[in-house]
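In what follows, a structure is listed as structure tokens, so that the remarks can point back to it.
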Amino acid sequence: MTQIDQAKGVREGEELDAAAVDRFMKQAIPDLAGEPTIRQYPGGASNLTYQVDYGGRSFVLRRPPFGKIAKSAHDMLREARVMQALKPVYPYVPDIIAVCDDHDVLGCDFYVMERLKGIILRQDFPEGFDLSEQDTRKLCLSVIDKLVDLHRVDAKAAGLDSLGKGAGYVQRQIGGWSDRFRKSRTEDVGDFETVMTWLNDKMPEDVAQVVIHNDYRFDNVVLNPDNPFEVIGVLDWEMATIGDPLMDLGNSLAYWIQADDEGPFQMLRRQPTHRPGMLTRNEVVAYYMEKSGFRVDNFDFYEIYGLFRLAVIIQQIYYRFYHGQTKDTRFAAFGHAANYLEQRCLKLIEASTL
């Protein structure tokens, strides 16, 4: 029996005030009794996610990282609003239980949601999760299908059409991520100027305007422990917006490291896309286009954009470590990762026929 995903010990420096959490929880859910047990989920390098247990009842609390953060980043209240609006039309969103904008409680905005008890696939399959090559492929297709389903959501009917800024999404992303990179660059990381120029020169028009997740990966998907081919939840809606679906797919493929990729890329792998039976990136693109109806003759722009965006996210985190704003040693090698991603982008640009 594969273990249901569980939180672990709280990382040093990321402890919550248990008494404050308890007061808030009991005000939001009056029938709670006893004292809370608070643990932390190990994944993620951005927002912090905790499991709060009262006996047999489990909840999940999401808050921004500690330390200095960008003004527009880690907007917990927006994330909760998006989830509440999406839930009726995309049932894989967890229920929001309570939202807190009173900084006297934990010093930040946060929200509490239901805990979905299931399997989350992180870097490797968990112990006891033994799938044949054929079943691994079936699982892989099921996870891609949920991204297609999201891109089919009627944003207007869900009341989410105001979430985006309208046409010009691709242009805003290239400009925005380029600006964020330049502001977070450290002297030990390459300048990405060739990559940013290429992306700016090759920008296509938006393919469509749909609800996009912007961080759709295996470790943000919850599987039914009794039927791992069934997705019961999609997590981490912080960056969800209205935008171009192929940009969303490009973001996902930046994490899609397959079995035949070179060693340095393998070191960045954080989901089991290397397993026999998993689709290759090219197969993912072909399957997605067949199922979604969105078409493009050449996917190079979206693949390179996804890698560049991932490099910026990594660099923004590394900037905080480099300047001593966080002591989390997990981030010490992020500068090397950003440098590798620049080289990968440059190789793809050189080989591209765009």
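Going by a ≥ b ≥ c, the root eigenvalues of the Cα gyration tensor, does the stretch 98-176 fall in the rounded group (a/c under 1.5), the prolate group (a/b larger than b/c) or the oblate group?
It comes out oblate by the Cα gyration axes.
With a 10 Å Cβ neighbour count serving as the proxy for reagent exposure, in which order, fewest first, do 83, 113 appear?
Ordered by Cβ neighbours within 10 Å, fewest first: 83, 113.
On alpha-carbon atoms, Rg over Rh for the stretch 18-114 using Kirkwood Rh?
0.95
With springs only between Cα atoms under 10 Å, which of 302, 318, 41 fluctuates most in a Gaussian network model of the chain?
41
Mind scanning 183/347; 202/291; 87/146; 146/347; 8/87 and naming the pairs with a C-alpha gap bigger than 21 Å?
183/347; 202/291; 146/347; 8/87
As a test of the definition: which semi-axes, in Å, follow for the chain when you take the square root of five times each eigenvalue of its alpha carbon gyration tensor? Largest first, please.
32, 24, 21
Report relative contact order for the chain in percent, whole number only (criteria: Cα-Cα under 8 Å, sequence separation at least 6).
18 percent
Can you list which of the DSSP-assigned H helices in the chain have a Cα extent of 20 Å or more along the long axis and an average Kyte-Doolittle score of at least -0.5?
Once both thresholds are applied, what remains is 133-151, 300-322, 334-351.
Within the stretch 188-202, which residues have the backbone N less than 13 Å from the label spot 7 Å out from residue 346 along Cα→beta-carbon, could you tell me?
It comes to 189-196, nothing else.
What is the sum of charges around residue 95, taking Lys and Arg as +1, Asp and Glu as -1, for the other residues whose C-beta is under 11 Å from the C-beta of residue 95?
It works out to a net charge of +1.
Classify the stretch 143-254 as rounded, prolate or oblate, taking a ≥ b ≥ c as the square roots of the eigenvalues of its Cα gyration tensor: rounded when a/c is under 1.5, otherwise prolate if a/b is larger than b/c and oblate if not.
Judged from the Cα gyration tensor, the stretch 143-254 comes out oblate (a/c at least 1.5, b/c at or above a/b).
Less than 11 Å Cβ to Cβ from residue 142, Lys/Arg counted +1 and Asp/Glu -1: what total charge do the surrounding residues give?
Residues near residue 142 contribute -1 overall.
Given a Förster distance of 35 angstrom, what is the FRET efficiency for residue 39 paired with residue 329, based on the Cβ-Cβ distance and rounded to 0.05?
With R0 = 35 Å, the Cβ-Cβ based efficiency is 0.95.
Give the long-range amide H neighbours of residue 233: residues separated by 5 or more places, or on another chain, with amide H under 5 Å away, using H modelled in the peptide plane at 1.01 Å from N.
Amide H to amide H, under 5 Å and 5 or more residues apart or across chains, residue 233 pairs with 222.
Take the Cα coordinates of the stretch 281-354, assign each an equal point scatterer, and use the Debye formula without solvent to give log10 I(q)/I(0) at q = 0.11 Å⁻¹.
Rounded to two decimals, the profile gives -0.40.
Every number in this text was worked out from the coordinates using simple rules, so none of it is lab data. Computed from a predicted structure; not experimentally measured. Neighbour counts run over all protein chains shown; Cβ positions are idealised from the backbone, glycine included.
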